[in-house]
Structure formats: C-alpha cells, structure tokens
Amino acid sequence: MIGLLFNVILPFRLGEIVRAHYIGKKVAISRSAVFATILFERWLDAVILASVGIVVLLAMPTNDVLLYIVCGLLGAVALLGFVIYTASHQKPWALRSIHGFTDLFNKRLRDRLRLIFWSGIYGLKNILRRAGMVRYIMLSLVMWICYGLAVYVFIAGLLPHLPFTQQLLAPVAAYMGVSAPTGPTYLGPFQDIFVAISDIDS
C-alpha cells in the first residue's frame, strides 16, 4: 500500500523505490535485493500486459494507440529480461563492468556501491532459484484475470448500452492506463490512454 501511495504522488513509479526502502528497513533485508525482486515482479506484469495487448491487436489490428503501447511494453520486457538474466546468471562481463564503474569513485563510495550491486544480484539469484516460480506466475495470472473481470463487470453494469467489443476493450485500456509510468495521480495520462484504446469518452 505504501508503494501504491507513493506511485500516485510521485512520477515514473518512483514509489517502487520507497516500497523497497520500507520493506528492507522493516524486515532487515537488503533494500537492493528487495528492489531487484520488484523489478522481476514488474517484468512479469509487463509480459502479461504485452500478451493481452497482442491478443487484442490480433482481433482488432486498427488500434494505433494500443499498438504503440504494446511495442513499448515489448521493449521494456526485452530490456528488463536482459538485465534480470544477466544479473541472475552473474555474467562475467557484467561483473567486470560494475567493477570498472565503481572504480571511478572514492574507496568508501566504491565499496558501498559494490555492496549494493552484489546484494541485488545475489538476492535476485536466490529468489529465482528457491521461490516457487510456477506458483507465483499462476497467482499473477489469476490476479490479472480477476482485475480484468472486475473492470468488465463495472463497465457492463455502468454502461450497458455499449457494444460488447467496447466492454471487453475497457479492462485492457484500464490495464494500459494504470501501467503507464506517470504521475501524480495518473489523471491526465490514464484518461487519454483509456479513451484512446477503449473508445469510451466520459
């Protein structure tokens, strides 16, 4: 809830950093390790959103706004996936790059930065290896399905006169609007994205 609160207040989902700081402080876990797991969580969300967007585009290929958003999500999936894979497998070239980058700073800051990087890499590797990833992925899918059904029921009940295709598009548009890294309060961007994709004008 703290993460959601600060995501509403701050732009570009900076609430995730506050969330990592709060969790790390309260449960005595490395904050960089917590942030690394949040990156994985957001990567999985992006995979699900992009998959839903692709399915909708195959059925309705003329939605240009959705096409741009899906392309952006696929780019984010590729970039985050590359970072997560590189970190969890501790690629030597990446470790050398971190070593060279941290050498640019004084000894105290260099050691601090290396500890932060290593905590994130080690924490991410352990969680991906030990956690029940299949169960986690299935629960994430169930969560998104419940979210979509809730929005669909809301739209169908509030605006029953809308065509069935628009009622189905509304949950997808809501996903995309919420996932946009904007703020504060998402009001302008969410409205623009929702209307552009769903074609439901308030």
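In the Gaussian network model of the chain, springs joining C-alpha atoms below 10 Å, which of His99, His161, His21 carries the largest mean-square fluctuation?
The residue with the greatest mean-square fluctuation here is His161.
Can you find, among Leu162, Trp93, Gly3, the residue sitting farthest towards the positive end of the charge dipole of the chain, where Lys and Arg contribute +1 and Asp and Glu -1 at Cβ?
After comparing all options, I get Trp93.
Hey, rough spin-label estimate for Phe154 and Lys25, points 7 angstrom out along Cα→Cβ, what's it come to in nanometres?
With each label point 7 Å from Cα toward Cβ, the separation is 3.1 nm.
Per residue, how much accessible area does the chain have with a 1.4 Å probe, in Å²? Walk me through the intermediate numbers first.
Working: 12310 Å² over 202 residues.
It amounts to 61 Å² per residue over the chain.
For the chain, what log10 I(q)/I(0) values come out of the Debye formula at q = 0.09, 0.10 1/Å, with one point per alpha carbon and no solvent?
Ignoring solvent entirely, the Cα scatterers give -0.43, -0.52.
Among the helices of the chain (complete DSSP H runs), which have Cα atoms covering no less than 20 Å along the helix axis and a Kyte-Doolittle mean of at least -1.0? Each step should come with its number before you reach the end.
On the way: long enough: 31-59 (42 Å, 1.67); 64-88 (35 Å, 2.02); 107-130 (34 Å, -0.43); 133-158 (37 Å, 1.89); 164-179 (24 Å, 0.89).
Once both thresholds are applied, what remains is 31-59, 64-88, 107-130, 133-158, 164-179.
So if I place +1 on the C-beta of Lys and Arg and -1 on the C-beta of Asp and Glu, and nothing else carries charge, what would the dipole magnitude of the chain be about its Cα centre? I want it in debye, nearest 20.
Dipole of the chain, to the nearest 20 debye: 1540 debye.
Take the Cβ-Cβ distance between Val8 and Met60 as r, set R0 to 25 Å, and report the resulting FRET efficiency rounded to the nearest 0.05. Write down the numbers at each step before the final one.
Numbers: r = 30 Å, r/R0 = 1.22.
With R0 = 25 Å, the Cβ-Cβ based efficiency is 0.25.
The values are calculated or read from the model by the stated rules, or taken from the named source; none is laboratory data. If you're wondering where the values come from, they're calculated on a predicted model, not measured in any experiment. For neighbour counting, all protein chains shown are included, and Cβ atoms are generated from backbone atoms with ideal geometry for every residue, glycine included. Areas reflect the complete protein model, heavy atoms only, side chains present, ligands, DNA and RNA absent. Shrake-Rupley method; radii C 1.70, N 1.55, O 1.52, S 1.80 Å.
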